[in-house]
Amino acid sequence: MKGYAMLGIGKTGFIEKEKPHCGPLDAVVRPIAVSPCTSDIHTVYEGALGDRHNMILGHEAVGEVTEVGSLVKDFKVGDKVVVPAITPDWGSLEAQGGYAMHSGGMLAGWKFSNFK
């Protein structure tokens, strides 16, 4: 599959990537539309995260679910979904208790969806 990536500071382009592995609590989403984010601009052109190679860009998107893990209950293949910029760890105790914004602890449980 193809992905749009940072090739180095100041450089971007399409690269070939392996299809992502779908774990039991994961969903694989095929992007339909991805919006540019200021953090992507700072990352690529200012080196905000350092010199990264082949790092997929774009962490705010609309897509279609193509695969779901065995423990996923709320999504199915074919669902259209929004991928927000920041995603919690839905398996954390905080998220399971209804406080997804605090997964992993206060102000600690978020990650950009293009980082694993």
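A few remarks follow.
- Residue 71 out of contact with any strand residue (DSSP E or B) (no Cβ under 7 Å at 6 or more places or on another chain), at pLDDT 85 or above and part of a loop (DSSP other than H, G, I, E, B): yes
- Filtered residue count, region 2-53, keeping only those that are in a loop (DSSP other than H, G, I, E, B) and more than 30 Å from residue 71 (Cβ to Cβ): 10
- Of the residues making up region 85-104, just one is of a type in the set (D, E, K, R) and either in the same structural domain as residue 60 (by TED's automatic domain parsing) or under 22 Å from residue 39 (Cα atoms) (or both), namely 89.
- Failed condition for residue 61, given (1) touching a strand residue (DSSP E or B) at 6+ places or on another chain (Cβ under 8 Å); (2) at positive phi: (2)
- Contacts under 6 angstrom Cβ, first residue in region 58-69 being more than 12 Å from residue 80 (Cβ to Cβ) and not assigned by TED's automatic domain parsing to the domain that holds residue 21, partner among the hydroxyl-bearing types (Ser, Thr, Tyr) and at pLDDT below 95, 6 or more apart: none
- Hits in region 1-40 (condition: surrounded by 11 or more Cβ atoms within 10 Å (Cβ to Cβ) and of a type in the set (Val, Ile, Thr)): 9, 12, 15, 28, 29, 32, 34
- Scanning region 42-93 for residues that are small (Gly, Ala, Ser) and within 25 Å of residue 13 (Cα to Cα) yields 47, 48, 50, 58, 61, 63, 85.
- Test: residue in region 76-87 that is in contact with a strand residue (DSSP E or B) (Cβ under 6 Å, 6 or more places away or on another chain), touching a residue at least 40 places away in the same chain (Cβ under 8 Å), surrounded by 16 or more Cβ atoms within 10 Å (Cβ to Cβ) and in a loop (DSSP other than H, G, I, E, B): no
- Residue check, residue 10 on the phi > 0 side of the Ramachandran plot, of a type outside the set (D, E, K, R) and touching a residue at least 12 places away in the same chain (Cβ under 8 Å): yes
- Looking only at residues in region 13-39 that are touching a Leu at 6+ places or on another chain (Cβ under 6 Å) and touching a residue at least 24 places away in the same chain (Cβ under 8 Å), the one that is nearest to residue 74 (Cα to Cα) is 25.
The values are calculated or read from the model by the stated rules, or taken from the named source; none is laboratory data. None of the values given here were measured: they were computed from a predicted structure. We place every Cβ from the backbone using ideal geometry, glycine too, and count neighbours over all the protein chains shown.
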